[in-house]
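Here, each number is a calculation from the coordinates, and none is a lab measurement. The structure displayed is predicted, hence computed values, not measured ones. Counting neighbours? That spans all protein chains shown, and the Cβs are built from the backbone with ideal geometry, glycine included.
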Amino acid sequence: MSIPVDDIQCNQIYLRQINKTDVQAIFKIYSDNKVTKYLDDPAMERLVHAEYFIDKVMLGYLNGHLLEWAIVEKNKNSLIGTIHYKEWDYKHGHAEIGFALSREWWGKGIMKELLSPFLQFGFNELKLNRIQANIHTSNKTCTKLFENFGFKIEGILRERFCLNNTPQDVMVVSLLKNESKLLI
């Protein structure tokens with residue numbers, strides 16, 4: 001099932017489809033060890049890794065299981081991060097949310113601005129009933145962000161991911177559509 005990835009507009013930023021011309025910007029973001037600290041994959045080491053990433057995203061657009069957007073700063077029209085719904089199950093109405101943001105943009109309110117319209121898109125356009133995030137238990141900033149948007153802690157998946165070859169616990173948080181009406 002192919003789903004169009006519509007542009008989503010915010011004040012400082014907008015979201016658009018990722019394309020082949022984004023390879024340098026993707027590499028810059030995902031080669032930063034601090035950005036990738038809590039992500040599933042290690043930091044990219046070569047430009048070809050960014051090319052593979054983009055190929056995977058474009059395949060996800062076609063099969064509908066990975067819907068990834070470029071986060072673009074409006075003033076300079078520069079890619080500063082990515083945000084996605086993955087493991088999208090359209091039959092049962094749920095997906096997992098995740099993002100990566102260039103370190104230069106941390107603490108500037110980008111995710112606070114972006115998350116509300118992105119959740120609205122998930123609930124209204126993708127017809128999701130449940131949006132879930134898996135957060136490393138040591139990532140307090142991300143945990144607080146999702147809690148501020150009404151996500152509920154469901155539990156801990158013990159040693160779910162490895163970080164530097166060390167098993168790490170992951171907190172599962174989720175937001176249901178009927179809970180989001182108060183926030184969105």
*Residues of type aspartates and glutamates that Lys76 reaches as a straight line, Cα spacing below 20 Å, ignoring anything fewer than 8 places off in the same chain*: Asp7, Asp22, Glu104, Glu113
*Mean Kyte-Doolittle of at least 0.0 plus a Cα span of 15 Å or more along the axis: flag which DSSP H helices in the chain meet both, please.*
47-63, 110-124
*Starting from the coordinates of the alpha-carbon atoms of the chain, obtain the Kirkwood hydrodynamic radius over all distinct pairs and give the value in Å to one decimal.*
16.8
*asked:* Starting from the 7 Å offset along Cα-to-Cβ, what nm value, one decimal, do you get for the label separation of Lys144 and Val48?
replied: 4.1
*Which lysines, on any chain, are close to Lys140 with Cα under 27 Å apart, when same-chain ones fewer than 8 places away are left out?*
Lys28, Lys34, Lys37, Lys86, Lys108, Lys112, Lys152, Lys177, Lys181
*Quick one: order His92, His65 by neighbouring beta-carbon count within 10 Å, fewest to most.*
His92, His65
*Give the relative contact order (percent, whole number) for the chain; include only Cα pairs under 8 Å separated by 6+ residues.*
18
*Can you sort Arg158, Arg16 so the residue with the fewest Cβ neighbours within 10 Å comes first?*
Arg158, Arg16
*How big is Rg to Rh over segment 106-184, alpha-carbon atoms, Rh as the Kirkwood inverse-mean-distance radius?*
1.01
